[in-house]
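Below: one structure, written as structure tokens.
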Amino acid sequence: MQKKKIFLSLAFLLMLALSSCNFFGSNSQGSKDSNSDTSVSSTESSANSTSGDSASSSSASSSKSSSSSSSSSSKSNSSSSSSKPSSSSSGSSQSSQTPLNDGFTFNETQLNTAQEVHTTNQLKYLNLDKQYYSMTESDLNACDAYGNKNVSTPEKVTLSWDFTPDAGKTVSKYNVIFGQKADLSDGYTVEGTSAKSLSFYNSFLGTNYFKVVANYNDGSKKESGIRTFQVTRQAPRNLYVGNMPNCRDLGGRTTYAGGKIKQGLIYRTSGSKFDNNTPSNDEAKKILLNQLKVKTEINVANGESNNVKLNGTSVVNAFMAYGAVPYSNLARNSVRIRQVMDTLAEESNYPVYFHCRIGTDRTGITAIMINGLLGVPFNECIQDYGFSNFAPIDNQRYPNKPNDTNGDDIVKYIDELLALPGANFQEQVYLALRMIGVSAAKLDKIINFMTEGNKATIPSAFKIGEDSGLTSDVSKTTSSDYKAPASYYGLTSGKKVTYAVTTTAGKKDIIVYMGYTGSVSGNNNQAKLADSITLKIDGQTKTITNTKNLWTAGFGATKQDSRIGYMFNILGSYDLTAGSHTVEITSKSNSFNVASVTVADRT
């Protein structure tokens, strides 16, 4: 009987042991599943597994959390794992990303919570609850954006870690390498000290890949695996470029079509002597070359004195005029804008940075045209323009600023764009660029190269007669002079250009990109455009409803030099039937250079 009791007791204990094994086995699997929810993406995991120093650990029990403020987040993300306190006094915690057996532990909050890189006042400006085209002096003052001091510098990102050196080794300094690519092939090295923390500028919006390098006194080193940290996705990607203020990446914004503008390819900056005196310092040049990795400089100022001229880069001088006259800024600079677009159409030129002196007026119109072409919504195009008020730009800049004699009133060229047909600002800018002579192939190439995700489809309703598309009773002139379009027809009294076009039925705008060769001194008692040319469609004379005089039509001398002012002008909207039509533009008594004639749907 006693033997039977002993046997039953042993059987019971055996069953209990087996039950316990099944329980812990089930719980262990649950811990692994829980941990997988907080791991990095497959792309990031691939980067980690190929980092060279370590492979990803799949064991949830290897993760640790410290007693830092991020510990509650760590618990919620891995509640079923058997985490234990870290013995580190650095205040860091293991990231909820896939643990790596590389000897490094990181502050989880810093890696997984988007760090803010805009200052309080910059955020106040970026979050204005209004249309930026109607921003006022009071709006800017409330954000400390007075245009007279440099508060354009962004905030730094901070990374902290814990690391135990190999036996007998002493760390002399830590470096952080970060970039946009998972393999860090585009990585930039930020040098630190022996402290287990580093703060730095110019991280990318959104996800950044990084690794830490521990440099030992004996010249050897130990690298962490590749991990990620997060930064706010709110554009602009504001940049610190040494002593050069007013610098930012055009990338990071969402387009009308839902795509994203790529970061790290086009930058707007100030010039080499942004205050007419202080040259850009060595730190600025190092950041431009080594971190931003620029290959092409576009100078849209009015002289070479503003060129930075970095070693190994090419320089494109697209000199632009600015100031109070003539009426339309775009009239003076459209040829140079075409030169900028020609440069951007060549992928080998990237990354590109463009500037004038202070990076506001001529840089401003260039940025608006580039952003507009890429599909950045109009309100954000103007928001980016106004962000320059955080830099020392002589005085504030905003649309409709009264009595602005020092800078450009951007409404003088923006309103010209907004008057054009198109479903949105991108289509209006696209049409304007087509009319000044940039081919559709080049514009589409820029859009496709600079956009990730959904890309805009520009409607084919824009029918533009240029080069061989136009005929005339005078010879065509070709020119390499930046003051003139690449080709045009010079019309004296009685001479005409003809454009044969096939359209759908509906109301069409007739738009002429042209220049006036005579003298226009100001906005008073000037001949009307409608009195200077005639318009015929299919042989029938049409009433030109454009009421502008030659000054407000965009013609006249410039501030810097004397040249013909070119502009696109809508002559009127006309009902056309589906099929072929002939459009004729004839000079009455004045002399005009006609570069293109456009027939576009009025939307």
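The values are calculated or read from the model by the stated rules, or taken from the named source; none is laboratory data. Because the structure is a prediction, the values reported are computed rather than measured. Backbone-built Cβ (ideal geometry, glycine too); neighbour counts: all protein chains shown. Protein only, heavy atoms only, side chains kept; ligands, DNA and RNA dropped before computing areas. Shrake-Rupley method; radii C 1.70, N 1.55, O 1.52, S 1.80 Å.
Suppose the filter is part of a helix (DSSP H, G or I) and either modelled with pLDDT under 90 or closer than 26 Å to residue 273 by Cα (or both); does residue 401 pass it? Answer is no for this residue. Out of curiosity, is residue 521 under 41 Å from the mean Cα position of the chain (by Cα) and among the hydroxyl-bearing types (Ser, Thr, Tyr)? Criteria met by residue 521.
Would you check if there is a residue in segment 232-250 being assigned to a strand (DSSP E or B), among the hydroxyl-bearing types (Ser, Thr, Tyr) and open to solvent by 10 Å² or more (accessible area, probe 1.4 Å)? The answer is yes; a qualifying residue exists. Just a yes or no: is a residue in segment 509-527 within 22 Å of residue 601 (Cα to Cα) and of a type in the set (Phe, Trp, Tyr)? Yes: segment 509-527 contains one or more residues that are within 22 Å of residue 601 (Cα to Cα) and of a type in the set (Phe, Trp, Tyr). Scanning segment 533-553 for residues that are assigned to a loop (DSSP other than H, G, I, E, B), within 15 Å of residue 573 (Cα to Cα) and open to solvent by less than 60 Å² (accessible area, probe 1.4 Å) gives 544, 546. The criterion of at least 1 residues that are open to solvent by 60 Å² or more (accessible area, probe 1.4 Å) and among the aliphatic types (A, V, I, L, M) is met by the following strands (runs of 3 or more DSSP E) wholly inside segment 438-532: 496-503.
Checking each residue in segment 137-171 for being over 24 Å from residue 245 (Cα atoms) and in contact with a Gly (Cβ under 9 Å, 6 or more places away or on another chain) picks out 160, 162, 163, 164, 165, 166.
Residues of segment 130-155 that are outside any helix (DSSP H, G or I), surrounded by fewer than 15 Cβ atoms within 10 Å (Cβ to Cβ) and without any contact (Cβ under 8 Å) to a residue 60 or more places away in the chain: 130, 142. In segment 172-183, the qualifying residues are those that are touching a residue at least 60 places away in the same chain (Cβ under 8 Å) and either among the small types (Gly, Ala, Ser) or within 15 Å of residue 223 (Cα to Cα) (or both), and the one that is surrounded by the fewest Cβ atoms within 10 Å (Cβ to Cβ) is 183. Taken together, the residues in segment 184-199 that are over 21 Å from the mean Cα position of the chain (by Cα) and more than 18 Å from residue 221 (Cα to Cα) amount to 2.
Scanning segment 262-321 for residues that are among the hydroxyl-bearing types (Ser, Thr, Tyr) and either surrounded by 21 or more Cβ atoms within 10 Å (Cβ to Cβ) or within 18 Å of the chain's Cα centre (by Cα) (or both) gives 267, 269, 270, 272, 280, 296. Taken together, 361, 384 contain a single residue that is among the charged types (D, E, K, R), surrounded by 20 or more Cβ atoms within 10 Å (Cβ to Cβ) and at pLDDT 90 or above, which is 384.
The single condition among (1) among the hydroxyl-bearing types (Ser, Thr, Tyr); (2) modelled with pLDDT under 80; (3) under 22 Å from residue 462 (Cα atoms) that residue 558 does not meet is (3).
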